[in-house]
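Novice: Structure in structure tokens, see below.
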Amino acid sequence: MSTQNKNAFWSLFSSVKLALFLLFTLATTSIIGTIVPQNNPPEFYIRLYGAPLARFMQTLGVPDMYNSWWFIGLLLLFSLNLIVCSLERIPHVWRLVTQDNLKTNPAKLEKMGQREIIPLPGTSMGEAVAKTTSYFARQGWKAAKRDKDGGTLFFAQKGAWTRFGVYLVHSSILIILVGAIIGSPTFARKFFHAPNFAFKGSVMLPEGKATNFVYSSQNGREIPLGFTVRCDHFDIEYYSNGMPKDYRAKLTVIDHGKVVLQRDIEVNHPLRYKGITFYQASYQPYPSFIVRVKNKKTGVEKKDVIPAREQIVWKKGGASFGIINMQNRGQIVQRIKVWFTDNQGAPSEFWIEPNREAVIKRPSGDFLFKAKQLYATGLQVSKDPGVWLVYLGCALMLIGLLVAFFMSHRKIWAFVSEKEGQVSVLFAGSANKNKLGFEKTFTAFIDKIKGLAG
């Protein structure tokens, strides 16, 4: 590649205009990705937008936009733009930070916006230099000095490193993008050839059931977890109008045949194990019931999942029972009618609310009966190995923005000189940002020195 082509490439990607254009494009496309529902089956988009537009959207990858080739391409271009912009400007900033400010011409200090001359009558040059050294030290400024142009020039600075704040923001963006790519299911599947390295999936897990895989949100394929998750219990509360108030599931994690973790999860309180997070996302009621029944005389118990309107014979307990009727509100069972017999006398029939225990008195003895509707917990499952990089990038971005917008590089010079037998000190200062704030700092600095000079 010729030098001219290299310069053209460097000029293009070091352009702030290109950065603004890419930012605007990414923001616009992100809005589209927010409006258009993501990761739904093709039939969903055909029904919503019609076949021609749905096919066009599938070609562009809009249903999975944030993992599409062109969106990732925009991110890579933006990353390259940030890197080149930073490499282009950092050397100049480094020179500003490390330059020898004691080479400054004392005549230049007289032209600075913030300056003040403090006379020191009856003081020799040596005493004036010592006093000036003390002035800086008492106010927390570490000053260097050098004899120059018949006098002594002092220089002190604070916040030189704040000039790199904007590049800390640049670095944080790159770290966030790297984290997003590492955690992308598309990259894990297409480039790493390891679909279980990073994924987003879901599974509907009924009470009492277990699974060692989930279904991919992208293609519906099974993704192995490497361990087993079991739903031990599901509980839901409703408002008086039948709307769900709160729901939670008790999950057990079994790894290599051993129970390693048990936790109740609900919305915004997930379970995490081996980098995989399980979110409580939905639920599904079934027309079946979890029944607990106990013969109080013999102590024999039975727990089982039974369908409605089916007779269950319990030989060990010496009884038969079934749920013969239900009162529903939508899919929610509010009351159930139980049929129960110990084969002695007429069967017992009664209504009971779910999760309420009933005592059934029979000729052979008393029985305890309790039933609840069977539910499945809908789990959203994700594995994002890049999430900690994203968190790190966000933290660095906050620090970088704080430095870039609220801190500045402040410089103060002092030149001790003698003219016509009169010793005086010329103080001058500047800051690269927040000029008004530095003016207050400089004024306070001078006022304290005047107080010390007496």
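Novice: Spot the failing condition for ARG335; the list is (1) touching a residue at least 24 places away in the same chain (Cβ under 8 Å); (2) charged (D, E, K, R); (3) assigned to a strand (DSSP E or B), and only one is missed.
Specialist: (1)
Novice: If I ask for residues that are farther than 30 Å from ALA210 by Cα, touching a residue at least 40 places away in the same chain (Cβ under 8 Å) and part of a loop (DSSP other than H, G, I, E, B), which ones from region 341-399 would you list?
Specialist: Of everything in region 341-399, just one residue is farther than 30 Å from ALA210 by Cα, touching a residue at least 40 places away in the same chain (Cβ under 8 Å) and part of a loop (DSSP other than H, G, I, E, B), namely SER364.
Novice: What residue, among those in region 4-19 that are part of a helix (DSSP H, G or I) and surrounded by 15 or more Cβ atoms within 10 Å (Cβ to Cβ), is modelled with the lowest pLDDT? I'd like the intermediate steps shown before the answer.
Specialist: Going through region 4-19, the residues part of a helix (DSSP H, G or I) turn out to be 4-13, 16-19.
Now drop any that are not surrounded by 15 or more Cβ atoms within 10 Å (Cβ to Cβ), which leaves 13, 18-19.
Values: PHE13: 81, LEU18: 88, ALA19: 86.
Out of the qualifying residues, it is PHE13.
Novice: Taking region 416-433 on its own, how many of its residues are part of a strand (DSSP E or B) and either touching a Lys or Arg at 6+ places or on another chain (Cβ under 7 Å) or under 30 Å from GLY159 (Cα atoms) (or both)?
Specialist: Applying the first criterion (part of a strand (DSSP E or B)) to region 416-433 yields 416-419, 422-431.
Filter once more, so that each one left must be either touching a Lys or Arg at 6+ places or on another chain (Cβ under 7 Å) or under 30 Å from GLY159 (Cα atoms) (or both): 416-417, 424-431.
Looking only at that region, the number is 10.
Novice: Can I ask one more? Could you check how many residues of region 257-291 are in a loop (DSSP other than H, G, I, E, B) and among the hydroxyl-bearing types (Ser, Thr, Tyr)?
Specialist: Just the residues of region 257-291 that are in a loop (DSSP other than H, G, I, E, B), to begin with: 257, 267-268, 270, 274-275.
Narrowing the set further to residues that are among the hydroxyl-bearing types (Ser, Thr, Tyr) leaves none.
Of the residues in that region, 0 qualify.
Novice: Could I ask something else about it? Taking the stated definitions as given, is ARG115 of a type in the set (Lys, Arg), more than 30 Å from ILE175 (Cα to Cα), assigned to a helix (DSSP H, G or I) and not assigned by TED's automatic domain parsing to the domain that holds SER217?
Specialist: On the way: of a type in the set (Lys, Arg): yes; more than 30 Å from ILE175 (Cα to Cα): yes; assigned to a helix (DSSP H, G or I): no; not assigned by TED's automatic domain parsing to the domain that holds SER217: yes.
Here the answer is no, as ARG115 does not meet what is asked.
Novice: Out of the residues in region 363-391 that are surrounded by 15 or more Cβ atoms within 10 Å (Cβ to Cβ) and out of contact with any strand residue (DSSP E or B) (no Cβ under 7 Å at 6 or more places or on another chain), state the one that is farthest from SER172 (Cα to Cα).
Specialist: Per the criteria, the residue is SER364.
Novice: Look through region 296-332, keep the residues that are assigned to a strand (DSSP E or B) and among the small types (Gly, Ala, Ser), and return whichever of them is surrounded by the most Cβ atoms within 10 Å (Cβ to Cβ). Explain how you work it out, then say what you get.
Specialist: Let us first name the residues in region 296-332 that are assigned to a strand (DSSP E or B), namely 301-307, 312-314, 319-329, 332.
Narrowing the set further to residues that are among the small types (Gly, Ala, Ser) leaves 319-320, 322.
Numbers: ALA319: 24, SER320: 16, GLY322: 20.
By that ranking, first place goes to ALA319.
Novice: So which of GLY50, GLY61 is within 25 Å of THR25 (Cβ to Cβ), at pLDDT below 90, out of contact with any Asp or Glu (no Cβ under 7 Å at 6 or more places or on another chain) and not aliphatic (A, V, I, L, M)?
Specialist: Working: GLY50 fails: within 25 Å of THR25 (Cβ to Cβ).
That would be GLY61, the only listed residue that is within 25 Å of THR25 (Cβ to Cβ), at pLDDT below 90, out of contact with any Asp or Glu (no Cβ under 7 Å at 6 or more places or on another chain) and not aliphatic (A, V, I, L, M).
The values are calculated or read from the model by the stated rules, or taken from the named source; none is laboratory data. Here the structure is a predicted model, which is why all the values come from computation and not from measurement. Neighbour counts are summed over all protein chains in view; Cβ atoms, including those assigned to glycine, are modelled from backbone coordinates with ideal geometry.
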